[in-house]
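For reference, the structure discussed in these notes is given below.
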Amino acid sequence: KQEVTQIPAALSVPEGENLVLNCSFTDSAIYNLQWFRQDPGKGLTSLLLIQSSQREQTSGRLNASLDKSSGRSTLYIAASQPGDSATYLCAVLRGSARQLTFGSGTQLTVLP
Amino acid sequence: DAEITQSPRHKITETGRQVTLACHQTWNHNNMFWYRQDLGHGLRLIHYSYGVHDTNKGEVSDGYSVSRSNTEDLPLTLESAASSQTSVYFCASSEIGSSGIETQYFGPGTRLLVL
């Protein structure tokens, strides 16, 4: 059974800092890995998707990496802003079945 | 613009009652999913459908049912609501694009309280 873990559960940083969010998964037979953002009371917004054959994806100040062999992904946020405050979730799409397994998320607070 | 909507957004019910949560998408996606989100558990898959008249059980399907009579809708029914089903419920839809990449799009969620 695939398990996805995100550490830390919560993170508070001052504005302008670069930061890294971590995601680990137990079964390397994945189709892809996604990072989502969730604002309070809202749905999920997809930020980045990395196919299993890829090593990283970039979008603006966000960079996500994938090391399938070690079961790890990181989300790097450069020059953090208060507007980045949200919960960040990673999810893996299993290779054998098109189902997402989610981590429990990292709640990020960027202080002005 | 295409979207995915859920109704109601908030619901309070009593134990033992039947409750139906609606999900409607205008993406024309074949794949639809229901998740529940609880503190400390992230999102867990309840049921999913890959097309009309197709339904499948997910990780936490006990006490829930779905039916798919058209492409746009996948209602989730709690047959006899229990306090353990108090949660936030998210609907999602997806399609595999021409690039072979499948991305799920999520609705805004329904917050359900079972008293």
For this session: Scan region A:53-78 residue by residue and report those that are under 25 Å from A:Lys1 (Cα atoms), surrounded by 13 or more Cβ atoms within 10 Å (Cβ to Cβ) and either within 11 Å of chain B (Cβ to nearest Cβ) or among the β-branched types (Val, Ile, Thr) (or both).
Result: A:Gln54, A:Thr74
For this session: Specify which of the listed residues (B:Leu113, B:Leu39) is more than 14 Å from chain A (Cβ to nearest Cβ) and under 23 Å from A:Pro40 (Cβ atoms).
Result: B:Leu113
For this session: Filter region B:30-59 for residues that are of a type in the set (D, E, K, R) and either over 11 Å from the mean Cα position of the chain (by Cα) or over 22 Å from A:Gly103 (Cα atoms) (or both) and give the result.
Result: B:Asp38, B:Asp54, B:Lys57, B:Glu59
Seminar exercise, completed: Of the residues in region B:20-52 that are buried (at least 20 other Cβ atoms within 10 Å of the Cβ) and of a type in the set (A, V, I, L, M, F, W, C), the one that is nearest to B:Gly97 (Cα to Cα) is B:Met32
Exercise. What about B:Leu115, is it surrounded by fewer than 12 Cβ atoms within 10 Å (Cβ to Cβ) and closer than 30 Å to A:Ala10 by Cβ?
Worked result: yes
Exercise. How many residues are in contact with a Ser or Thr (Cβ under 8 Å, 6 or more places away or on another chain), assigned to a loop (DSSP other than H, G, I, E, B) and under 27 Å from B:Arg111 (Cα atoms) when one looks only at region A:41-64?
Worked result: 0
Exercise. What is the number of the single condition among (1) farther than 20 Å from A:Leu111 by Cα; (2) surrounded by 12 or more Cβ atoms within 10 Å (Cβ to Cβ); (3) not hydrophobic (A, V, I, L, M, F, W, C) that A:Arg37 does not meet?
Worked result: (1)
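Rule-based calculations on the coordinates, nothing more; no lab input. Because the structure is a prediction, the values reported are computed rather than measured. We place every Cβ from the backbone using ideal geometry, glycine too, and count neighbours over all the protein chains shown.
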